[in-house]
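Working notes, beginning with the structure itself.
The values are calculated or read from the model by the stated rules, or taken from the named source; none is laboratory data. Being a predicted model, the structure only gives us computed values, none of them experimental. Ideal geometry is used to build each Cβ from the backbone, glycine not excepted, and the neighbour counts take in all protein chains shown. Side chains are part of the model used for accessible areas, which takes the heavy atoms of the whole protein and leaves out ligands, DNA and RNA. Shrake-Rupley method; radii C 1.70, N 1.55, O 1.52, S 1.80 Å.
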Amino acid sequence: MASFHTIAVHAGERLPRPDFTPVATPIYHSVAYLYDELADLDAIFAGTRPGPVYTRYGNPTLTALETAVAALEGGEAALCYASGMAAIHGALLAAGARAGTTVVAARDVYGATYALLDRLLATQGVQTRFVDGTDLAAVAAIVAETRPVALICETISNPLLRLADVPRWAEIAHAVGAALIVDNTFATPYLFRPLEHGADYVVHSATKYLAGHGDVLGGVVVTDAARRTTLNEINKLVGGNLGPQEAWLTLRGLKTLPLRVQRQCDNAAQIATWLADHPRVSHVNYPGLPTHPQHALAGRLLAHAAFGAVISFDLRDARRETVFRFMEALRLVLPATTLGDVYSLVLYPAGSSHRALDADMRRRIGIGDGLVRLSVGIEDPADIVADLDQALQKAAG
Ligand SMILES: *Cc1c(COP(=O)(O)O)cnc(C)c1O
(Lines give C-alpha, C1' and ligand atoms only; values in the text may rest on other atoms or scores of the structure.)
Protein backbone atom coordinates (compact mmCIF):
# COMPACT_ATOMS: atom_id res chain seq x y z
CA MET A 1 0.00 0.00 0.00
CA ALA A 2 1.41 3.33 -1.01
CA SER A 3 1.97 5.91 1.67
CA PHE A 4 -0.47 8.72 2.37
CA HIS A 5 1.85 11.17 0.61
CA THR A 6 1.97 9.09 -2.55
CA ILE A 7 -1.79 8.51 -2.52
CA ALA A 8 -2.35 12.25 -2.14
CA VAL A 9 -0.32 12.84 -5.33
CA HIS A 10 -1.71 10.08 -7.57
CA ALA A 11 -5.19 9.05 -6.37
CA GLY A 12 -7.99 9.67 -8.88
CA GLU A 13 -5.67 10.66 -11.72
CA ARG A 14 -5.30 8.87 -15.07
CA LEU A 15 -8.45 6.79 -14.74
CA PRO A 16 -9.07 4.47 -17.71
CA ARG A 17 -9.84 6.35 -20.90
CA PRO A 18 -13.64 6.80 -21.00
CA ASP A 19 -15.76 5.13 -23.67
CA PHE A 20 -18.22 8.01 -23.54
CA THR A 21 -18.06 11.48 -25.06
CA PRO A 22 -18.92 14.41 -22.79
CA VAL A 23 -21.66 16.61 -24.27
CA ALA A 24 -19.71 19.75 -23.35
CA THR A 25 -15.93 19.97 -23.71
CA PRO A 26 -14.09 19.37 -20.43
CA ILE A 27 -11.44 21.80 -19.26
CA TYR A 28 -8.14 19.99 -19.73
CA HIS A 29 -6.04 21.43 -16.96
CA SER A 30 -3.16 19.17 -17.88
CA VAL A 31 0.23 20.40 -19.01
CA ALA A 32 1.39 17.03 -20.38
CA TYR A 33 -0.26 13.91 -21.88
CA LEU A 34 0.46 10.18 -21.71
CA TYR A 35 0.22 7.67 -24.57
CA ASP A 36 0.11 3.90 -24.48
CA GLU A 37 3.42 3.62 -26.29
CA LEU A 38 6.33 6.01 -26.41
CA ALA A 39 6.35 5.56 -30.18
CA ASP A 40 3.09 7.55 -30.26
CA LEU A 41 4.71 10.43 -28.40
CA ASP A 42 7.67 10.21 -30.74
CA ALA A 43 5.36 10.36 -33.78
CA ILE A 44 3.70 13.49 -32.40
CA PHE A 45 7.07 15.16 -31.88
CA ALA A 46 7.97 14.16 -35.43
CA GLY A 47 4.76 15.76 -36.66
CA THR A 48 3.49 12.55 -38.29
CA ARG A 49 0.49 12.15 -36.00
CA PRO A 50 -1.62 14.75 -34.18
CA GLY A 51 -2.15 14.94 -30.45
CA PRO A 52 -1.27 16.99 -27.42
CA VAL A 53 2.09 16.53 -25.75
CA TYR A 54 2.63 19.76 -23.84
CA THR A 55 0.10 22.54 -23.44
CA ARG A 56 2.26 25.29 -24.96
CA TYR A 57 2.17 23.17 -28.15
CA GLY A 58 -1.55 22.42 -27.92
CA ASN A 59 -4.33 21.44 -25.51
CA PRO A 60 -7.64 19.63 -26.16
CA THR A 61 -9.80 22.44 -24.74
CA LEU A 62 -7.99 24.93 -26.98
CA THR A 63 -8.39 22.61 -29.94
CA ALA A 64 -12.15 22.62 -29.33
CA LEU A 65 -12.25 26.43 -29.31
CA GLU A 66 -10.00 26.64 -32.38
CA THR A 67 -12.23 24.22 -34.26
CA ALA A 68 -15.30 26.27 -33.35
CA VAL A 69 -13.88 29.68 -34.30
CA ALA A 70 -12.44 28.32 -37.57
CA ALA A 71 -15.89 26.93 -38.44
CA LEU A 72 -17.59 30.24 -37.65
CA GLU A 73 -15.06 32.22 -39.71
CA GLY A 74 -15.14 29.72 -42.58
CA GLY A 75 -11.40 29.03 -42.22
CA GLU A 76 -9.39 25.81 -42.23
CA ALA A 77 -7.72 26.29 -38.87
CA ALA A 78 -7.22 28.64 -35.95
CA LEU A 79 -4.78 29.28 -33.13
CA CYS A 80 -5.77 30.78 -29.78
CA TYR A 81 -3.71 33.34 -27.88
CA ALA A 82 -3.55 34.85 -24.42
CA SER A 83 -4.98 38.14 -25.74
CA GLY A 84 -6.00 39.92 -28.90
CA MET A 85 -2.64 41.69 -28.95
CA ALA A 86 -0.74 38.37 -28.78
CA ALA A 87 -2.86 37.18 -31.73
CA ILE A 88 -2.09 40.31 -33.78
CA HIS A 89 1.62 40.00 -32.97
CA GLY A 90 1.54 36.32 -33.99
CA ALA A 91 -0.21 37.06 -37.28
CA LEU A 92 2.25 39.84 -38.16
CA LEU A 93 5.26 37.59 -37.50
CA ALA A 94 3.73 34.68 -39.43
CA ALA A 95 2.97 37.01 -42.33
CA GLY A 96 6.67 37.78 -42.58
CA ALA A 97 7.22 40.99 -40.60
CA ARG A 98 10.92 41.03 -39.78
CA ALA A 99 13.91 43.40 -40.06
CA GLY A 100 13.99 45.11 -43.44
CA THR A 101 10.33 44.50 -44.30
CA THR A 102 7.41 46.91 -44.48
CA VAL A 103 3.84 46.65 -43.21
CA VAL A 104 1.01 48.87 -44.45
CA ALA A 105 -1.64 49.57 -41.81
CA ALA A 106 -4.89 51.49 -41.69
CA ARG A 107 -4.23 54.65 -39.66
CA ASP A 108 -7.18 54.10 -37.34
CA VAL A 109 -6.27 50.59 -36.16
CA TYR A 110 -6.70 49.81 -32.46
CA GLY A 111 -4.33 51.94 -30.34
CA ALA A 112 -2.19 49.04 -29.11
CA THR A 113 -1.90 47.67 -32.67
CA TYR A 114 -0.69 51.09 -33.81
CA ALA A 115 1.85 51.20 -30.98
CA LEU A 116 2.98 47.59 -31.57
CA LEU A 117 3.86 48.53 -35.15
CA ASP A 118 5.01 52.10 -34.61
CA ARG A 119 7.06 51.52 -31.46
CA LEU A 120 7.93 47.87 -30.75
CA LEU A 121 8.24 46.37 -34.25
CA ALA A 122 9.90 49.59 -35.45
CA THR A 123 12.78 48.97 -33.01
CA GLN A 124 13.17 45.53 -34.59
CA GLY A 125 13.57 46.94 -38.07
CA VAL A 126 10.00 46.58 -39.37
CA GLN A 127 8.83 49.76 -41.03
CA THR A 128 5.12 50.56 -40.95
CA ARG A 129 3.38 53.00 -43.26
CA PHE A 130 0.01 54.17 -41.95
CA VAL A 131 -2.64 55.19 -44.44
CA ASP A 132 -6.27 56.37 -44.47
CA GLY A 133 -7.94 52.98 -44.86
CA THR A 134 -11.01 54.43 -46.58
CA ASP A 135 -8.87 55.98 -49.35
CA LEU A 136 -8.22 52.91 -51.54
CA ALA A 137 -6.18 54.88 -54.09
CA ALA A 138 -3.85 55.94 -51.27
CA VAL A 139 -3.63 52.35 -50.00
CA ALA A 140 -2.79 51.07 -53.50
CA ALA A 141 -0.19 53.79 -54.06
CA ILE A 142 1.64 53.17 -50.80
CA VAL A 143 1.56 49.39 -51.37
CA ALA A 144 2.98 49.77 -54.89
CA GLU A 145 5.68 52.08 -53.56
CA THR A 146 6.77 50.06 -50.50
CA ARG A 147 5.97 46.46 -51.52
CA PRO A 148 5.03 45.37 -47.98
CA VAL A 149 4.93 41.79 -46.68
CA ALA A 150 1.59 42.43 -44.98
CA LEU A 151 -1.38 44.78 -44.85
CA ILE A 152 -3.49 45.14 -41.74
CA CYS A 153 -6.90 46.75 -41.30
CA GLU A 154 -10.05 46.39 -39.20
CA THR A 155 -13.44 45.46 -40.69
CA ILE A 156 -15.03 48.17 -38.53
CA SER A 157 -12.69 50.63 -36.80
CA ASN A 158 -12.71 52.30 -33.42
CA PRO A 159 -14.16 54.76 -32.40
CA LEU A 160 -15.44 56.29 -35.66
CA LEU A 161 -16.79 53.02 -37.08
CA ARG A 162 -15.16 53.30 -40.49
CA LEU A 163 -15.27 50.22 -42.71
CA ALA A 164 -12.46 48.58 -44.63
CA ASP A 165 -13.49 47.47 -48.10
CA VAL A 166 -11.88 44.07 -47.45
CA PRO A 167 -12.29 42.61 -51.00
CA ARG A 168 -10.45 45.66 -52.42
CA TRP A 169 -7.77 45.55 -49.69
CA ALA A 170 -7.22 41.87 -50.58
CA GLU A 171 -6.77 42.67 -54.29
CA ILE A 172 -4.27 45.42 -53.46
CA ALA A 173 -2.34 43.12 -51.10
CA HIS A 174 -2.22 40.16 -53.46
CA ALA A 175 -1.10 42.31 -56.40
CA VAL A 176 2.31 42.55 -54.66
CA GLY A 177 2.23 39.13 -52.99
CA ALA A 178 1.51 40.58 -49.54
CA ALA A 179 -0.71 38.89 -46.94
CA LEU A 180 -3.86 40.63 -45.72
CA ILE A 181 -4.56 40.55 -41.97
CA VAL A 182 -8.05 41.67 -40.95
CA ASP A 183 -8.97 42.43 -37.35
CA ASN A 184 -12.61 41.32 -37.31
CA THR A 185 -13.23 42.03 -33.62
CA PHE A 186 -15.96 44.66 -34.11
CA ALA A 187 -17.84 42.84 -36.89
CA THR A 188 -17.62 39.23 -35.63
CA PRO A 189 -18.07 36.37 -38.13
CA TYR A 190 -21.83 36.73 -37.68
CA LEU A 191 -21.71 39.96 -39.68
CA PHE A 192 -18.66 39.42 -41.88
CA ARG A 193 -16.22 36.63 -42.75
CA PRO A 194 -13.04 38.23 -44.13
CA LEU A 195 -11.49 34.93 -45.36
CA GLU A 196 -14.37 34.62 -47.84
CA HIS A 197 -13.44 38.05 -49.20
CA GLY A 198 -9.74 37.40 -49.75
CA ALA A 199 -8.16 37.95 -46.33
CA ASP A 200 -5.30 35.61 -45.41
CA TYR A 201 -5.49 35.98 -41.63
CA VAL A 202 -8.45 36.97 -39.47
CA VAL A 203 -7.61 38.13 -35.97
CA HIS A 204 -9.90 38.67 -33.00
CA SER A 205 -9.70 40.06 -29.57
CA ALA A 206 -11.82 37.19 -28.20
CA THR A 207 -12.07 39.37 -25.10
CA LYS A 208 -14.88 41.26 -26.85
CA TYR A 209 -17.82 39.66 -28.71
CA LEU A 210 -16.53 36.08 -29.05
CA ALA A 211 -16.36 35.52 -25.29
CA GLY A 212 -18.87 38.28 -24.76
CA HIS A 213 -19.31 38.43 -21.00
CA GLY A 214 -16.45 40.63 -19.84
CA ASP A 215 -14.71 37.84 -17.96
CA VAL A 216 -12.04 36.55 -20.37
CA LEU A 217 -8.93 38.01 -22.00
CA GLY A 218 -8.10 36.12 -25.16
CA GLY A 219 -7.30 36.25 -28.85
CA VAL A 220 -7.47 34.04 -31.91
CA VAL A 221 -6.10 33.94 -35.47
CA VAL A 222 -8.01 32.05 -38.19
CA THR A 223 -6.23 31.09 -41.40
CA ASP A 224 -5.37 28.09 -43.61
CA ALA A 225 -3.72 24.90 -42.34
CA ALA A 226 -0.21 25.74 -43.60
CA ARG A 227 -0.20 29.20 -42.05
CA ARG A 228 -1.61 27.77 -38.83
CA THR A 229 1.48 25.56 -38.61
CA THR A 230 3.68 28.66 -38.91
CA LEU A 231 1.66 30.48 -36.24
CA ASN A 232 2.02 27.48 -33.93
CA GLU A 233 5.77 27.15 -34.54
CA ILE A 234 6.18 30.82 -33.58
CA ASN A 235 3.92 30.56 -30.55
CA LYS A 236 5.79 27.49 -29.29
CA LEU A 237 8.76 29.87 -28.94
CA VAL A 238 6.92 33.01 -27.81
CA GLY A 239 4.47 31.28 -25.48
CA GLY A 240 1.51 33.63 -25.79
CA ASN A 241 -0.91 30.78 -25.06
CA LEU A 242 -4.49 31.01 -23.94
CA GLY A 243 -5.26 29.12 -20.72
CA PRO A 244 -7.70 26.18 -20.86
CA GLN A 245 -10.10 27.89 -18.43
CA GLU A 246 -10.31 30.97 -20.67
CA ALA A 247 -10.68 28.77 -23.74
CA TRP A 248 -13.61 27.00 -22.12
CA LEU A 249 -15.33 30.27 -21.17
CA THR A 250 -14.85 31.54 -24.73
CA LEU A 251 -16.24 28.31 -26.19
CA ARG A 252 -19.26 28.69 -23.94
CA GLY A 253 -19.66 32.33 -25.01
CA LEU A 254 -19.56 31.38 -28.71
CA LYS A 255 -22.75 29.36 -28.39
CA THR A 256 -24.79 32.53 -28.02
CA LEU A 257 -22.70 34.72 -30.37
CA PRO A 258 -25.40 35.05 -33.05
CA LEU A 259 -28.14 35.63 -30.47
CA ARG A 260 -26.14 38.25 -28.61
CA VAL A 261 -24.82 40.05 -31.67
CA GLN A 262 -28.19 40.18 -33.44
CA ARG A 263 -29.81 41.60 -30.30
CA GLN A 264 -26.94 44.05 -29.75
CA CYS A 265 -27.14 45.24 -33.37
CA ASP A 266 -30.94 45.64 -33.17
CA ASN A 267 -30.54 47.62 -29.95
CA ALA A 268 -27.73 49.72 -31.44
CA ALA A 269 -29.74 50.60 -34.56
CA GLN A 270 -32.62 51.80 -32.40
CA ILE A 271 -30.37 53.78 -30.03
CA ALA A 272 -28.36 55.36 -32.88
CA THR A 273 -31.56 56.61 -34.52
CA TRP A 274 -32.78 57.99 -31.19
CA LEU A 275 -29.43 59.70 -30.47
CA ALA A 276 -29.35 61.29 -33.94
CA ASP A 277 -32.58 63.12 -33.11
CA HIS A 278 -31.52 64.17 -29.62
CA PRO A 279 -31.05 67.94 -29.18
CA ARG A 280 -27.97 67.46 -26.93
CA VAL A 281 -26.19 65.29 -29.52
CA SER A 282 -24.57 67.00 -32.49
CA HIS A 283 -23.42 63.95 -34.48
CA VAL A 284 -23.71 60.15 -34.43
CA ASN A 285 -21.24 57.74 -36.04
CA TYR A 286 -22.98 54.47 -36.86
CA PRO A 287 -22.67 52.52 -40.13
CA GLY A 288 -26.41 51.77 -40.04
CA LEU A 289 -27.35 55.45 -40.35
CA PRO A 290 -27.70 56.95 -43.85
CA THR A 291 -25.48 59.85 -42.64
CA HIS A 292 -22.51 57.46 -42.28
CA PRO A 293 -20.14 58.10 -45.22
CA GLN A 294 -19.89 54.34 -45.90
CA HIS A 295 -23.50 53.35 -45.23
CA ALA A 296 -23.83 51.76 -48.69
CA LEU A 297 -20.58 49.79 -48.33
CA ALA A 298 -21.68 48.60 -44.89
CA GLY A 299 -24.96 47.39 -46.39
CA ARG A 300 -23.04 45.46 -49.05
CA LEU A 301 -20.45 43.88 -46.75
CA LEU A 302 -22.34 43.11 -43.54
CA ALA A 303 -24.90 40.31 -43.20
CA HIS A 304 -28.33 40.19 -41.51
CA ALA A 305 -29.10 43.85 -42.31
CA ALA A 306 -27.12 44.57 -39.13
CA PHE A 307 -24.42 47.21 -38.71
CA GLY A 308 -22.54 46.34 -35.54
CA ALA A 309 -23.23 47.26 -31.95
CA VAL A 310 -20.77 50.08 -31.30
CA ILE A 311 -21.88 53.69 -31.72
CA SER A 312 -19.97 56.90 -31.13
CA PHE A 313 -21.52 60.33 -30.77
CA ASP A 314 -20.59 63.94 -30.05
CA LEU A 315 -22.25 65.73 -27.18
CA ARG A 316 -23.23 69.18 -28.45
CA ASP A 317 -20.70 71.92 -27.53
CA ALA A 318 -19.18 69.59 -24.97
CA ARG A 319 -15.81 69.60 -23.31
CA ARG A 320 -14.22 66.89 -21.23
CA GLU A 321 -16.06 68.04 -18.06
CA THR A 322 -19.45 67.75 -19.81
CA VAL A 323 -18.65 64.23 -21.00
CA PHE A 324 -17.50 63.23 -17.53
CA ARG A 325 -20.76 64.60 -16.02
CA PHE A 326 -22.70 62.58 -18.61
CA MET A 327 -20.76 59.38 -17.96
CA GLU A 328 -21.00 59.76 -14.17
CA ALA A 329 -24.76 60.36 -14.38
CA LEU A 330 -25.35 57.03 -16.14
CA ARG A 331 -26.97 54.44 -13.87
CA LEU A 332 -27.33 51.37 -16.12
CA VAL A 333 -24.66 51.91 -18.76
CA LEU A 334 -21.21 51.32 -17.26
CA PRO A 335 -18.14 53.49 -17.88
CA ALA A 336 -15.76 50.59 -18.53
CA THR A 337 -12.71 50.24 -20.77
CA THR A 338 -13.87 47.41 -22.99
CA LEU A 339 -16.60 46.57 -25.51
CA GLY A 340 -18.62 43.70 -26.89
CA ASP A 341 -20.01 42.59 -23.54
CA VAL A 342 -23.61 41.69 -22.75
CA TYR A 343 -23.55 44.89 -20.66
CA SER A 344 -23.83 48.33 -22.25
CA LEU A 345 -20.61 50.28 -21.78
CA VAL A 346 -19.36 53.80 -22.48
CA LEU A 347 -15.83 55.04 -22.94
CA TYR A 348 -14.21 58.44 -23.52
CA PRO A 349 -11.79 57.98 -26.46
CA ALA A 350 -9.98 61.33 -25.97
CA GLY A 351 -9.07 60.25 -22.44
CA SER A 352 -8.34 56.58 -23.06
CA SER A 353 -7.72 54.89 -26.43
CA HIS A 354 -6.57 58.15 -28.09
CA ARG A 355 -5.10 59.90 -25.05
CA ALA A 356 -1.57 59.73 -26.42
CA LEU A 357 -2.45 61.96 -29.40
CA ASP A 358 -2.44 65.74 -28.93
CA ALA A 359 -5.80 67.51 -29.08
CA ASP A 360 -5.17 68.97 -32.56
CA MET A 361 -4.33 65.58 -34.04
CA ARG A 362 -7.39 64.05 -32.37
CA ARG A 363 -9.69 66.72 -33.80
CA ARG A 364 -8.13 66.28 -37.23
CA ILE A 365 -8.96 62.56 -37.26
CA GLY A 366 -12.50 63.26 -35.95
CA ILE A 367 -12.10 62.44 -32.27
CA GLY A 368 -13.33 65.61 -30.60
CA ASP A 369 -13.41 66.45 -26.87
CA GLY A 370 -17.15 65.69 -26.81
CA LEU A 371 -16.97 62.24 -28.41
CA VAL A 372 -18.39 59.27 -26.47
CA ARG A 373 -18.19 55.60 -27.52
CA LEU A 374 -21.10 53.34 -26.62
CA SER A 375 -20.89 49.55 -26.84
CA VAL A 376 -24.49 48.39 -26.78
CA GLY A 377 -25.42 45.38 -24.66
CA ILE A 378 -28.34 42.98 -24.68
CA GLU A 379 -30.51 44.85 -22.14
CA ASP A 380 -33.96 46.14 -23.02
CA PRO A 381 -33.29 49.03 -25.45
CA ALA A 382 -35.95 51.19 -23.75
CA ASP A 383 -33.98 51.00 -20.50
CA ILE A 384 -30.72 51.97 -22.24
CA VAL A 385 -32.43 54.92 -23.95
CA ALA A 386 -34.01 56.08 -20.67
CA ASP A 387 -30.61 55.95 -18.95
CA LEU A 388 -28.86 57.86 -21.75
CA ASP A 389 -31.66 60.44 -21.77
CA GLN A 390 -31.54 61.21 -18.05
CA ALA A 391 -27.72 61.44 -18.17
CA LEU A 392 -27.81 63.76 -21.20
CA GLN A 393 -30.19 66.07 -19.28
CA LYS A 394 -27.92 66.04 -16.20
CA ALA A 395 -24.77 66.67 -18.23
CA ALA A 396 -26.30 69.79 -19.75
CA GLY A 397 -27.55 71.13 -16.41
C1 LIG B 1 -9.49 45.07 -27.68
C2 LIG B 1 -9.00 45.04 -29.08
C3 LIG B 1 -7.73 44.51 -29.38
C4 LIG B 1 -6.79 44.00 -28.32
O5 LIG B 1 -7.30 42.88 -27.71
P6 LIG B 1 -6.89 42.39 -26.23
O7 LIG B 1 -7.69 41.16 -26.05
O8 LIG B 1 -7.25 43.51 -25.28
O9 LIG B 1 -5.42 42.15 -26.26
C10 LIG B 1 -7.35 44.48 -30.71
N11 LIG B 1 -8.16 44.93 -31.70
C12 LIG B 1 -9.37 45.47 -31.41
C13 LIG B 1 -10.20 45.98 -32.55
C14 LIG B 1 -9.84 45.53 -30.12
O15 LIG B 1 -11.04 46.06 -29.86
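A few comments on the model shown:
- Whole-number accessible area per residue in Å² for the chain, which is evaluated in the context of all protein chains at 1.4 Å: 46 Å²
- Put a plus charge on the Cβ of each Lys and Arg, a minus charge on the Cβ of each Asp and Glu, and nothing anywhere else: the dipole of the chain about its Cα centre is then about 580 debye.
- Distance in nm between pseudo-label sites at Glu196 and Arg14 (7 Å out along the Cβ direction from Cα): 4.7 nm
- Modelled this way, with points 7 Å down the Cα-to-C-beta line, the labels at Arg49 and Glu76 are 2.3 nm from one another.
- Comparing Cα centroids, the range 44-74 and the range 229-302 end up 26 angstrom apart.
- Annotation: lysines with alpha-carbon distance below 21 angstrom to Lys236 (same-chain offsets under eight excluded): none found.
- Taken about its Cα centre, the range 70-157 carries a charge dipole of about 340 debye when Lys and Arg each add +1 at the Cβ and Asp and Glu each add -1 at the Cβ.
- Apportionment of accessible area to carbon and sulfur, the range 58-254, percent (1.4 Å): 52 percent
- Most simply put, the chain has about 55% antiparallel DSSP beta bridges, counting only bridges with both residues inside it.
- Label-to-label distance, nm, for residues given as Ala144 and Val176 (7 Å Cα→Cβ offset): 1.1 nm
- Here the range 58-254 carries DSSP beta bridges of which approximately 40% are antiparallel, counting only pairs with both residues inside.
- Within straight-line cross-link reach of Lys255, aspartates and glutamates at Cα separation under 17 Å, skipping those fewer than 8 residues along the same chain: Glu66, Glu73, Asp215, Glu246, Asp341
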